[in-house]
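The values are calculated or read from the model by the stated rules, or taken from the named source; none is laboratory data. Just so we're clear, the structure is a prediction, and the values are computed from it rather than from any experiment. When we count neighbours, we look across all protein chains shown, and the Cβ atoms used for this are built from the backbone with ideal geometry, even at glycine.
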Amino acid sequence: MEHLKLDRFHLVAVAGGGFAAYDYVLWHPERLRSLVIAASGGAITDEEMRQLREKTTLPGFSSWPAEFREVSMGYMATQPEGLKRWLEIHHNSRQQGAPVQPQRTTITGFEDLTRSLLN
């Protein structure tokens, strides 16, 4: 945002982008006009969320191929060219061995986010 010289802005994130968006909310809440996050539980360390994830995640799910974790069966069945393009984008979006972006904050629950946005 500094590079674009944006003082306050609307932040929209989907899936994995939610992790960075939640982190940004706690780091610089005063810079956000609004926040929209879809399809992401983020990196919330709340015990209740951890238990819910444990209860609802299929065994071995994290080791499934990306397309089975991220793309619906209906899309895979009806959009073979779209799936092929998705797989190309997915393959090219990651560098082998690249570090994961570290978070600046620890999100212990939605209360942290709410408090940051309302202050």
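Contact annotation: residue pairs with Cβ atoms under 6 Å, 6 or more positions apart or on different chains, pairing a residue in the range 19-32 that is of a type outside the set (Asp, Glu) with a partner that is part of a helix (DSSP H, G or I), are Val25/Leu113; Val25/Ser116; Leu26/Ser116; Pro29/Ser116; Pro29/Leu117. Scanning the range 55-79 for residues that are without any contact (Cβ under 8 Å) to a residue 40 or more places away in the chain, surrounded by 10 or more Cβ atoms within 10 Å (Cβ to Cβ) and assigned to a helix (DSSP H, G or I) yields Phe61, Ala66, Glu67, Phe68, Arg69, Tyr75, Met76, Thr78.
Each row is one residue, and each column tells you yes or no for (1) in a loop (DSSP other than H, G, I, E, B); (2) under 30 Å from Leu4 (Cα atoms); (3) modelled with pLDDT under 90; (4) not polar (S, T, N, Q).
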site: Ser34; (1), (2), (3), (4): no, yes, no, no
site: Ser40; (1), (2), (3), (4): yes, yes, yes, no
site: Leu52; (1), (2), (3), (4): no, no, yes, yes
site: Lys84; (1), (2), (3), (4): no, no, no, yes
site: Gln95; (1), (2), (3), (4): yes, yes, yes, no
site: Pro102; (1), (2), (3), (4): yes, yes, yes, yes
site: Thr105; (1), (2), (3), (4): yes, yes, yes, no
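Condition (residue is assigned to a helix (DSSP H, G or I) and surrounded by 14 or more Cβ atoms within 10 Å (Cβ to Cβ)) applied to the range 1-15: is it met by at least one residue? Within the range 1-15, not a single residue is assigned to a helix (DSSP H, G or I) and surrounded by 14 or more Cβ atoms within 10 Å (Cβ to Cβ).
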